[in-house]
Amino acid sequence: MKKIAFIINPKSGTGRKTKYPDLIHKYFSEALFEVDIHFTEYANDGFLRAKEYVAEGYDAVVAIGGDGTVNEIARAVMNSNTALGIVPCGSGNGLALHLKLPLQASAALKRISKMRVNNIDAGLLNNQPFFCTAGIGYDAYIANRFAEAGKRGPVVYVGEVIFQYFDYKPQTYKLTFDDDPPIERTAFLVTFANASQWGNNASIAPKASVTDGFMDVVVMSEFPIYVAPKISLRLFTKQLDKTRYVEVFKCKKLMVERPKEDYVHYDGEPGIMGEQLEVQILPKVLKILV
């Protein structure tokens, strides 16, 4: 009998979360599964409960929520024999979309019930794990503004992206890839991509893979506002790496020096870190149900 737990974030995305217990019991029969269901009540509750499930020898812990919830549960189960499952119901769903997991709850639960496991890489930004993307520059600035807005959803996000463009000033970064000599770039944003997209099928690093042991580092230079529609089109058609405003580097480890303490994001979650950043890939540290 398999032991499987479901951690539900009632505040993620939109829609009723009270439907999930009935759906879960529909696809996970008592004859085959020992099931536990937990609704999160406060920040980091999901991480702490998932750690308990790992200690109790659960075969899988399923995150029902958005990218932040997925990050929280994945951090708890990485480097263990417990697999992560995802029922995506957030505003971005970046890792689920990269892995081509079902977005509809019933289909996602049915897929999870097959208990097929793969091993994927994780990223580490100054000891903060991420599984999809992390970054500095404009995307980190927007992630923090988005959080401050107190509202969720793509409409709010797009509004922030458009209105904050005119206020944001690119920064100069010193970048050291693996053991190569450092280079300097004045960049609009720098994204550290384990997976290919931010979410909502916005492919910031179209060729990124979660199983190759490398991260794709996307350095985007400042561009005139009239080019924004073309860049947006390429972002959503997996062709961003073909614009002259973008450079992509593959590496296992990256050192970043920037002018001052500033914003970062990891899997869309906002934060602030210092002038020096260390980013690395941890190969095959997360078991995931696919």
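The values are calculated or read from the model by the stated rules, or taken from the named source; none is laboratory data. Small disclaimer: the values here were computed from a predicted structure and weren't measured. Counting neighbours? That spans all protein chains shown, and the Cβs are built from the backbone with ideal geometry, glycine included.
Starting from residues that are in contact with a strand residue (DSSP E or B) (Cβ under 7 Å, 6 or more places away or on another chain) and of a type in the set (S, T, N, Q), keep the ones in region 233-285 and report whichever is farthest from Gly199 (Cα to Cα).
For region 233-285, the residue satisfying everything is Gln276.
Considering only residues that are crowded, with 24+ Cβ neighbours inside 10 Å and part of a helix (DSSP H, G or I), which ones fall in region 60-70?
Those that are crowded, with 24+ Cβ neighbours inside 10 Å and part of a helix (DSSP H, G or I): Asp67, Thr69, Val70.
Return only the number of the condition from (1) among the basic types (Lys, Arg); (2) crowded, with 16+ Cβ neighbours inside 10 Å; (3) modelled with pLDDT of 95 or more that Lys174 does not satisfy.
Going through (1) among the basic types (Lys, Arg); (2) crowded, with 16+ Cβ neighbours inside 10 Å; (3) modelled with pLDDT of 95 or more one by one, Lys174 breaks only (2).
Filter region 168-194 down to the residues that are touching a residue at least 60 places away in the same chain (Cβ under 8 Å) and in contact with a Phe, Trp or Tyr (Cβ under 7 Å, 6 or more places away or on another chain) and list them by number.
Phe177, Arg185, Val190, Asn194
For (1) outside any helix (DSSP H, G or I); (2) within 20 Å of Phe33 (Cα to Cα), each residue gets a yes or a no:
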| residue | (1), (2) |
| --- | --- |
| Gly90 | yes, no |
| Leu95 | no, no |
| Lys100 | yes, no |
| Ser106 | no, yes |
| Leu109 | no, yes |
| Leu124 | yes, no |
| Pro129 | yes, no |
| Tyr141 | no, no |
| Ala147 | no, no |
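When only residues in region 216-229 that are modelled with pLDDT under 95 and either part of a helix (DSSP H, G or I) or of a type in the set (D, E, K, R) (or both) count, which is surrounded by the fewest Cβ atoms within 10 Å (Cβ to Cβ)?
Step one: list which residues in region 216-229 are modelled with pLDDT under 95, which gives 222-229.
From what's left, either part of a helix (DSSP H, G or I) or of a type in the set (D, E, K, R) (or both): 222, 225-229.
Numbers: Glu222: 13, Ile225: 9, Tyr226: 7, Val227: 12, Ala228: 13, Pro229: 9.
Filtering region 216-229 for residues that are modelled with pLDDT under 95 and either part of a helix (DSSP H, G or I) or of a type in the set (D, E, K, R) (or both), the one surrounded by the fewest Cβ atoms within 10 Å (Cβ to Cβ) comes out as Tyr226.
I want to confirm something. Restricting to region 233-290 and keeping residues that are of a type in the set (Lys, Arg) and assigned to a strand (DSSP E or B), which single residue is surrounded by the most Cβ atoms within 10 Å (Cβ to Cβ)? Lay out the reasoning, then the answer.
So in region 233-290, the residues of a type in the set (Lys, Arg) come out as 234, 238, 242, 244, 250, 252-253, 258, 260, 284, 287.
With the extra rule that they be assigned to a strand (DSSP E or B), the set shrinks to 250, 253, 284, 287.
Numbers: Lys250: 18, Lys253: 14, Lys284: 13, Lys287: 22.
By that ranking, first place goes to Lys287.
So how many residues does region 184-215 have that are part of a strand (DSSP E or B) and either touching a Cys at 6+ places or on another chain (Cβ under 9 Å) or of a type outside the set (Asp, Glu) (or both)?
Keep residues of region 184-215 that are part of a strand (DSSP E or B), which gives 184-187, 189-193, 199, 202, 215.
Those left that are additionally either touching a Cys at 6+ places or on another chain (Cβ under 9 Å) or of a type outside the set (Asp, Glu) (or both): 185-187, 189-193, 199, 202, 215.
Matching residues across region 184-215 total 11.
Among Glu261, Glu269, which is the only one that is of a type in the set (Asp, Glu) and over 16 Å from the mean Cα position of the chain (by Cα)?
Numbers: Glu269 fails: over 16 Å from the mean Cα position of the chain (by Cα).
Answer to the check: Glu261.
Of Arg111, Arg75, which residue is in contact with a strand residue (DSSP E or B) (Cβ under 7 Å, 6 or more places away or on another chain), at pLDDT 95 or above and among the basic types (Lys, Arg)? Before you say what the answer is, go through the steps one by one.
On the way: Arg111 fails: in contact with a strand residue (DSSP E or B) (Cβ under 7 Å, 6 or more places away or on another chain).
After ruling out the rest, the residue left standing is Arg75.
Does Val35 satisfy being touching a Gly at 6+ places or on another chain (Cβ under 9 Å) and modelled with pLDDT of 95 or more?
On the way: touching a Gly at 6+ places or on another chain (Cβ under 9 Å): no; modelled with pLDDT of 95 or more: yes.
Here the answer is no, as Val35 does not meet what is asked.
Is region 37-59 home to any residue that is within 30 Å of Ala205 (Cβ to Cβ) and assigned to a strand (DSSP E or B)?
Checked region 37-59: no residue is within 30 Å of Ala205 (Cβ to Cβ) and assigned to a strand (DSSP E or B).
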